[in-house]
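Asks: Structure incoming, see below.
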RNA sequence: GCGGGGGUUGCCGAGCGGAAAAGGCGCAGGGCUUAAGACCCUGUCCCGUAGGGGUCCGCGGGUUCGAAUCCCGCCCCCCGCACCA
């Protein structure tokens, strides 16, 4: 329906370049949304984030700001390469998803066998969709992250971070597939995508009179003081050289150790039974304890060697009891549990043996209790009196720093299996480049800047605070993928979340790059230092080969646009990109260039189902546009949900939006050019109500509440208009200029089309309607409220009369008005005195006192009714009479100001 | 487990100290129409032959003249916990 209109105005906007933004005298507003990643078509999720951004950009533009709204494309990373490989392999699943959900024709799809072709194809598709939905983007600034110029920019950024000491080498644990020889992500996994990496502490117990080490894996290092023995499963173990020590560990543990950044060498297999009864020495405590067999030991969990703390570990307690060995548990933690804690809980739960599944529960309960409320007892040396939660951390640190213990990584859940079918391991990656987000100083600066920012919705500020505190060092280099090489270590590629942190300032460069003024070779360290950091000098920047004039111009442009006033983004980016965005800005830029505001929006599901790029279902932006058109899609998605709450796309609802928009379009078209006659009370009511709506809409938009804004601007105003027409209003045109403008940020094409029926300017550049208190008309509003209330009352009464033909209306007598006034001002008592002095009958006075609280002073009631007799008769299909003679006295008595007596017969 | 958000009338979703509680969707009835659609109106917790009454906002208590809205306890749901865009 609106296809032609939409195309027409998109062409006009482009032709007149109205969204191309350059520095001017006006106040600027720089808004960005995250550039999309091009491993598929844009979908409803992008549609939501981007449409919110666009509506706001348009709103701010109409509020008089010089608005810059740019967009580029993200192609860095592995998924695009992965996709190219899958297509080249003709992977059936991929072909299905991309033909069925991404709407790529099979013929086209099969050609996309290299990353370059994929980027080219999806960039073209994205650009076309983004234009067809009518975003007010300055397209002169588009780029992709593999552009040579962009890579120069990224290299500069990394050099500067390194110079600040924020990039360093380190090692860290990852989930790893030994077969693929690659770290695995959630979507690479067949099983275990819920598993996280847990740090066990492996405490080294030396065998008495030997150099053999038994590394006992535990999550409760503080219980070392209560160790009475250690456990081995009665099965085969191995002896291995680990960093120069002879360790006895399970076979599985040995395989894992190989990946853990240790020098590991297998010496020989050994049977656990060889050790049973022998003694090991508990470190720190220096106590000799025996090695005993236990079936509950899981050789596939950590080292497969376990220390036994029967007083605090239900498993140990039960196993010892079953074994029948005379060992006294050593209580080392005090809580409100009396006696031996493990014993108490085992008995309480009625646990039968070491294979009882309830043991797991018992362990958890006890752990929680002791961790949160426990105090270390006097038999724990210097830790005595300390809270368990604190002691645990201190002991772990101490043991590790004294080399009495090592960290042993293990999955929290098992098994973890790669898509290729191989069991995954925890691998410690060495010599990896890290961004040191854990740097306290850095964090403090980010936190302090956060306090000055606007975060929408505001409770996300707390979320950001927590995430900033929690953020750890991040590996920023990869072996595989598209992207920029680390300039000082070219074997590594900069990871994709790390290269998209401060690119908003690249939009300023991109314009000059696209104009051919700025070439990759011009983008030197000195130039960028000068442009973005106010470092060096114009002279040094000139070494880039650019003229002073050009450099000055770019610099001015940066100074003008920066900082970013609003970054509007999906909530999935809070814990990563948005954090990095803040960190990197804070690290590199001066205070005045730091981000001002962040807004977060929720997801979009499809008929109640989660969307998935790689599995479906998926609604592409293009498909939405083909089916419903740009304005319908925009209006619907803006109205679908507010802030971070998730939206559900339902085609049935969207279809009804099509109808709503048609109705709006026709209504305006039929009334817009009509001449406005003399302004009536009803007209003033419309103006008044509309003015309130304007206030609401602006208020909502200022808080980025697009749902509320659309609700008021479109649906509520529509309801006023309905009532207005029903009431016989003839001058709808009096609000139409403003209504069109009010809706222009949301449905710009239709508004542009309608606007041009009367004007030759672009409504997109018009001034947004302003709230004007002088246009409020309480008298008119009261009158309309009175009419609709009266109408409802009569209808209500009418229901109870068969064959109703006539309604008599009897407005309250004058003395009631006077009495009500007195009651309102001086209280009921005064009013009643006035009435009795006036000689009003007792029954009437009593009726008044009962009813006065829901009465209201409406000016000229009788007149209002008289002037609207026709309206009432038409609506009620009754004759309306003001003849008071026909109304029974007992009904007249209850007539009150604002609520006339009515009698239907 | 930790952190953030949330449970409202058939559904989505406003409201956050005084309304059976905005708006949208759905459903039902009526009008218009040759008819379907669209459009317009009405109803959509229960009761009611006079504009009325009753019961409601996860559960249980409390504060208050008055609570969906404030306080306490409990239950349930969603999201994040990364090296992946």
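Asks: How many of the residues in the range A:395-410 are touching a helix residue (DSSP H, G or I) at 6+ places or on another chain (Cβ under 7 Å) and over 20 Å from residue A:301 (Cα atoms)?
Replies: 2
Asks: Sticking with this structure for a sec: Just a yes or no: is a residue in the range A:568-583 closer than 30 Å to residue A:65 by Cβ, in a strand (DSSP E or B), away from RNA strand B (no atom under 12 Å from the Cβ) and within 18 Å of the chain's Cα centre (by Cα)?
Replies: Yes: one or more hits.
Asks: Of the numbered conditions (1) away from RNA strand B (no atom under 16 Å from the Cβ); (2) over 27 Å from residue A:697 (Cβ atoms); (3) surrounded by fewer than 16 Cβ atoms within 10 Å (Cβ to Cβ), residue A:758 satisfies every one except a single condition; which is it?
Replies: The number of the failed condition is (2).
Asks: Those residues that are within 7 Å of RNA strand B (Cβ to nearest atom) and either in contact (Cβ under 8 Å) with a residue 60 or more places away in the chain or touching a helix residue (DSSP H, G or I) at 6+ places or on another chain (Cβ under 7 Å) (or both), I need them from the range A:658-682; list them, please. Lay out the reasoning, then the answer.
Replies: As a first pass, look at the range A:658-682 and keep what is within 7 Å of RNA strand B (Cβ to nearest atom): A:659-660, A:662-663.
Matches in the range A:658-682: A:662 only.
Asks: Of all residues in the range A:664-683, count the ones that are part of a helix (DSSP H, G or I) and surrounded by 12 or more Cβ atoms within 10 Å (Cβ to Cβ). Spell out how you get there, then give the answer.
Replies: The first filter runs over the range A:664-683 and keeps only residues part of a helix (DSSP H, G or I), leaving A:664-671, A:681-683.
From what is left, the residues that are surrounded by 12 or more Cβ atoms within 10 Å (Cβ to Cβ) are A:664-665, A:667-669, A:671, A:681-683.
Residues flagged as part of a helix (DSSP H, G or I) and surrounded by 12 or more Cβ atoms within 10 Å (Cβ to Cβ) within the range A:664-683 amount to 9.
Asks: Which of the residues spanning the range A:270-291 are part of a strand (DSSP E or B) and buried (at least 21 other Cβ atoms within 10 Å of the Cβ)? Steps first, please.
Replies: First pass over the range A:270-291, keeping only residues part of a strand (DSSP E or B): A:270-271, A:279-282, A:287-291.
Of everything in the range A:270-291, those that are part of a strand (DSSP E or B) and buried (at least 21 other Cβ atoms within 10 Å of the Cβ) turn out to be A:280, A:282, A:291.
Asks: Filtering the range A:879-896 down to residues that are within 11 Å of RNA strand B (Cβ to nearest atom) and surrounded by 13 or more Cβ atoms within 10 Å (Cβ to Cβ), which residue is nearest to residue A:825 (Cα to Cα)?
Replies: As a first pass, look at the range A:879-896 and keep what is within 11 Å of RNA strand B (Cβ to nearest atom): A:886-888, A:890-896.
If we keep only those that are surrounded by 13 or more Cβ atoms within 10 Å (Cβ to Cβ) as well, we get A:887, A:891-896.
Values: A:887: 31, A:891: 27, A:892: 25, A:893: 23, A:894: 21, A:895: 21, A:896: 17 Å.
My answer is A:896.
Asks: Select from the range A:423-451 the residues that are in contact (Cβ under 8 Å) with a residue 24 or more places away in the chain and assigned to a helix (DSSP H, G or I) and write down the one among them that is nearest to the chain's Cα centre (by Cα).
Replies: By that ranking, first place goes to A:450.
Asks: Scan the strands (runs of 3 or more DSSP E) fully inside the range A:227-268 and keep the ones with 1 or more residues being surrounded by fewer than 22 Cβ atoms within 10 Å (Cβ to Cβ) and touching a strand residue (DSSP E or B) at 6+ places or on another chain (Cβ under 8 Å).
Replies: Working: elements: A:229-232, A:236-242, A:245-250.
Passing ranges, in order: A:236-242, A:245-250.
Asks: Among the residues of the range A:607-632, which ones are surrounded by 14 or more Cβ atoms within 10 Å (Cβ to Cβ) and either within 24 Å of residue A:457 (Cβ to Cβ) or near RNA strand B (Cβ under 7 Å from one of its atoms) (or both)?
Replies: If the condition is that a residue be surrounded by 14 or more Cβ atoms within 10 Å (Cβ to Cβ) and either within 24 Å of residue A:457 (Cβ to Cβ) or near RNA strand B (Cβ under 7 Å from one of its atoms) (or both), then A:611 is the only one that fits.
Asks: If the requirement is being within 16 Å of RNA strand B (Cβ to nearest atom), modelled with pLDDT of 95 or more and either assigned to a strand (DSSP E or B) or touching a helix residue (DSSP H, G or I) at 6+ places or on another chain (Cβ under 8 Å) (or both), which of these qualifies: A:52, A:137?
Replies: Numbers: A:137 fails: within 16 Å of RNA strand B (Cβ to nearest atom).
Testing whether each residue is within 16 Å of RNA strand B (Cβ to nearest atom), modelled with pLDDT of 95 or more and either assigned to a strand (DSSP E or B) or touching a helix residue (DSSP H, G or I) at 6+ places or on another chain (Cβ under 8 Å) (or both) leaves just A:52.
Asks: Note down all Cβ pairs under 8 Å where the first residue falls in the range A:459-473 and is without any contact (Cβ under 8 Å) to a residue 60 or more places away in the chain, the second is within 7 Å of RNA strand B (Cβ to nearest atom) and not in a helix (DSSP H, G or I), and they're at least six residues apart or on different chains.
Replies: Every condition considered, the pairs that remain are A:472/A:437.
Asks: Another question, then. So which residues in the range A:196-220 are away from RNA strand B (no atom under 16 Å from the Cβ), touching a residue at least 24 places away in the same chain (Cβ under 8 Å) and not in a strand (DSSP E or B)?
Replies: First pass over the range A:196-220, keeping only residues away from RNA strand B (no atom under 16 Å from the Cβ): A:201-218.
With touching a residue at least 24 places away in the same chain (Cβ under 8 Å) added as a condition, the list becomes A:201-208, A:211-218.
Hits for the range A:196-220 are A:208, A:211.
Asks: Among the helices (runs of 4 or more DSSP H) lying completely within the range A:498-564, list those that include at least 2 residues that are surrounded by fewer than 19 Cβ atoms within 10 Å (Cβ to Cβ).
Replies: Working: elements: A:506-514, A:525-533, A:538-541, A:548-561.
Ranges flagged: A:525-533, A:538-541, A:548-561.
Asks: To continue, here is another question. For the range A:640-663, which positions are assigned to a helix (DSSP H, G or I) and over 30 Å from residue A:731 (Cβ atoms)?
Replies: Applying the first criterion (assigned to a helix (DSSP H, G or I)) to the range A:640-663 yields A:640, A:651-663.
Listed by number, the residues that qualify are A:640, A:651, A:652, A:653, A:654, A:655.
The values are calculated or read from the model by the stated rules, or taken from the named source; none is laboratory data. These numbers were taken from a predicted model, which means no experiment stands behind them. Ideal geometry is used to build each Cβ from the backbone, glycine not excepted, and the neighbour counts take in all protein chains shown.
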